[in-house]
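Participant: Please find one structure pasted underneath; my questions will follow.
The values are calculated or read from the model by the stated rules, or taken from the named source; none is laboratory data. Remember, it's a predicted structure, so these values are computed and weren't measured experimentally. All Cβ positions, even for glycine, are placed from backbone atoms using ideal geometry, and neighbour counts span all protein chains on display. The area values use the complete protein model at the heavy-atom level, side chains included, leaving out ligands, DNA and RNA. Shrake-Rupley method; radii C 1.70, N 1.55, O 1.52, S 1.80 Å.
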Amino acid sequence: MDRKYWDKKSKTYNSEVFDVFMSDKNGIIKSCINKLASPHKTLGDIGCGNGKWLSLTSPKFKKVDAIDFSESLLKDAEKKHSHLKNITYLHVDMTRGFKKPQNYDVILCVNAIITDNYSIREPFFKNIFGNTIVEYVKED
């Protein structure tokens, strides 16, 4: 995970990075979000990139934290979604530690931990699970 690499990608992010949101043709991820959503719950969108999921998640949750370690991508997300008032944008490196004052009810983490490097994946996962109440969506 190279911050400079991702900061440079902000200009070409939509054309170069696989778009999971648009490729969710059967709505599997969107269905899981809908099952977990509540106006009383908080969501952490970890690795939010330029915020592709924010227009879907923001109206469904009480509060959303958009979290990414690329400052450029976060700025793009904030600019695009400035009309959504329940989003906080957090510049965080999830491999170095992240403690939120309260746990998230739901965490969305799409394509943020794609690396073969265990020394990066392990702290990333530990920091995710240190900030959520674990609840799984069962497939119908």
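Participant: If we keep just the residues of region 67-85 that are open to solvent by 20 Å² or more (accessible area, probe 1.4 Å) and touching a helix residue (DSSP H, G or I) at 6+ places or on another chain (Cβ under 6 Å), which is farthest from ILE107 (Cα to Cα)? Give the derivation first.
Facilitator: Taking region 67-85 and keeping what is open to solvent by 20 Å² or more (accessible area, probe 1.4 Å), we get 69, 71-72, 75-76, 78-80, 82-85.
Of the ones still in play, those that are also touching a helix residue (DSSP H, G or I) at 6+ places or on another chain (Cβ under 6 Å) are 69, 72, 84.
Working: PHE69: 16, SER72: 22, LEU84: 18 Å.
The selected residue is SER72.
Participant: Now a separate question. Would you call LEU54 modelled with pLDDT of 95 or more and touching a Cys at 6+ places or on another chain (Cβ under 9 Å)?
Facilitator: Yes, satisfied.
Participant: Quick check on ILE46: is it closer than 16 Å to ILE128 by Cβ, surrounded by 14 or more Cβ atoms within 10 Å (Cβ to Cβ) and free of Cβ contacts under 8 Å to residues at least 60 places away in the same chain?
Facilitator: No: the conditions fail for ILE46.
Participant: For region 93-131: of the residues being of a type in the set (Lys, Arg) and at pLDDT 70 or above, which is surrounded by the fewest Cβ atoms within 10 Å (Cβ to Cβ)?
Facilitator: By that ranking, first place goes to ARG96.
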